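A short write-up of the structure that comes next.
The values are calculated or read from the model by the stated rules, or taken from the named source; none is laboratory data. In this text the structure is predicted, and so the values were computed from the model without any measurement. For neighbour counting, all protein chains shown are included, and Cβ atoms are generated from backbone atoms with ideal geometry for every residue, glycine included. Surface accessibility is based on the protein's heavy atoms, side chains included, excluding ligands, DNA and RNA. Shrake-Rupley method; radii C 1.70, N 1.55, O 1.52, S 1.80 Å.
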Amino acid sequence: MKRRHFLKTVGGLAAFTIIPRHVLGRGFIAPSDTLTKGIIGVGGMGRGHVNYGGTRLVAVCDVDKNHLELGKALTTDTIAAYHDFRELIGDPNVDIVHIATPPHWHGLMSVEAARAGKDIWCEKPMTRTIGEGKRVMQAVQQYGRIFRLNTWFRFADPFYGIGSPVKPLKKLVQSGLLGWPLKITISKHTGFDWKFYWVGKEYLEPQPVPAELDYDFWLGPAPWKPYNAHRTHGTFRGYWDYDSGGLGDMGQHYIDPVQYLLGKDHTSPVKVEVDAPQQHPDAVGIWRAITYTYEDGCQIVLWGGDFGDPNTPYIAGPKGNVYKSKDCLCQWNCDCPVVCDLPDWEKKLADYPEPDPQATNFIECVKTRQPFALNERNAFRSATIVNMGSVALRLNRTLHFDPVKLEFVNDDAANRYLNQPMRSPWII
């Protein structure tokens, strides 16, 4: 950059309390820097994760004018407000792009942010197809970006109805005291019923598009469907074009800690089985059970709604089982201890090493370029589990999966869901 242009650029930024690091050179981040961020999608989740330390909001983007006004009100500073996400991604004042749109946009926006040299904070699920997740992972690595998926239960907080953080359970699993292989069952009895009934409505009547909403842009890469209020905003998750109901919305919250517990961040299940009624082609429905099996025999079992036996262990092994405390009635974070039927398990466990430490401060990871605890690689693997279940539900049958090739085995119908076509002109 020529000196005159450099001084002009810095002078134009005098109103800011910092000079964005792109001005000082690629990769330069002083320890005192406050990183800047822009949020795409400020209708709900985008407004709920604004104040993560060490960042300053400088831009918001939304295709709904009402949401955009709410986004501008997130700070008392004057910030940029965009209708087109590409303008926010291209804004040189933005260091971190926070993607809080419906999931059918996550893959495309993450790839574009990586290409633009931005670090990425993405809401869950990572993507709504396996192919899009693979492309995000490749782009983040190709362009040397730092990626974080916004679910944190593998490293912080007791997760929903379990009553225990993951770390002691991880230590117990990796000790081998429970034996191997393990089966982990996730159900309403361990908190997995919140948003389960977020299903779609069949045969939606067309409605006029509200003046404040750019519905065509909201759809973006998704197939065109006539507007109905239930298809957008807070209820969009009930439609396959944008998400996969409660499985898509909450599945990665519950499954990602299990993937970590089992030490499966490098692989995926080889089989998925479903017990469910036939799904509608547009509207997501309910299901009874989804069972994932790994090559070594480990399993993850999801029970939907009221299905399942409350006495089933959360973790079942050939040598011992772990249960949620029968006295715990909590559905959210709590400190009720889990119960293990292995004699003297806590005393025995004390002799085993602690799990490896995790890098859990996203802002420090951006500054040091150290991968975040839930990064593009392991987030892709847990998102793949969610998306395998989605495909199996839509086809209503058992599917076999190759975790190396990242495709279903000898199944053209299932593989058509890996990379679903995007509506022109959008491509990833």
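Estimated at the nearest 10 Å², the accessible area of residue 427 is 130 Å² with a 1.4 Å probe.
Determine the sum of side-chain charges near residue 213: Lys and Arg each +1, Asp and Glu each -1, restricted to other residues whose C-beta is under 12 angstrom from that of residue 213.
Details: positive: 65, 231; negative: 62, 64, 212, 214, 216.
Summing Lys/Arg as +1 and Asp/Glu as -1 gives -3.
Ellipticity at 222 nm from helices only: DSSP H runs of n ≥ 4 in the chain, each -39500 (n - 2.57), divided by the residue count, give -8000 deg cm²/dmol.
In order along segment 192-209, phi translates into HN-Hα couplings of 8, 9, 5, 6, 4, 8, 6, 10, x, 9, 7, 6, 5, 7, x, 10, x, 6 Hz, rounded to whole numbers, per the Karplus curve 6.51 cos²θ - 1.76 cosθ + 1.60 with θ = phi - 60° and x for Gly and Pro.
Select from 198, 345, 105 the residue whose mean-square fluctuation is largest in a Gaussian network model of the chain (Cα-Cα springs shorter than 10 Å). Answer for the Gaussian network model of the chain: 345.
For Cα pairs less than 8 Å apart in space and 6+ apart in sequence, what is the mean separation divided by the residue count of the chain, i.e. the relative contact order in percent? Display every interim value, and only then the final one.
Details: 861 pairs, mean separation 80.3, N = 428.
Contact order relative to length: 19 percent.
Taking amide H atoms as placed 1.01 Å from N in the peptide plane, the amide H of residue 407 lies under 5 Å from those of 402, each 5 or more residues away in sequence or on another chain.
Taken over the chain, the alpha-carbon convex hull comes to 151 cubic angstrom per residue.
Here the scattering of segment 308-428 is modelled by Debye summation over its C-alpha atoms, one equal scatterer each and no solvent; at q = 0.11, 0.13, 0.14 Å⁻¹ the log10 of I(q)/I(0) is -0.75, -0.98, -1.06. In segment 152-191, the C-alpha radius of gyration followed by the widest Cα-Cα span (Dmax) gives 10.9, 28 angstrom. Full extension of the chain between residue 80 and residue 397 yields a length gain of 109.3 nm, computed as 0.36 nm times the residue separation minus the alpha carbon distance. Site pair residue 212 and residue 405 shows an inter-label distance of 5.0 nm when each label is modelled 7 Å from Cα along Cα→Cβ. The alpha carbon gyration tensor of segment 50-119 gives principal lengths a ≥ b ≥ c with a/c of 1.5 or higher and a/b no greater than b/c, which makes the shape oblate. Residues of segment 219-260 with the amide nitrogen closer than 16 Å to a label point 7 Å from the Cα of residue 201, along Cα-to-Cβ, please. The answer is 226-240.
Taking the centroid of alpha carbons for each part, segment 342-357 and segment 115-182 are 24 Å apart.
Quick one: compute the contact order of segment 283-393, relative version, from alpha carbon pairs under 8 angstrom and 6+ residues apart, as a percent.
On the way: 76 pairs, mean separation 14.9, N = 111.
Relative contact order, segment 283-393: 13 percent.
Heavy-atom accessible area with a 1.4 Å probe sorts 280, 104, largest first, into 280, 104.
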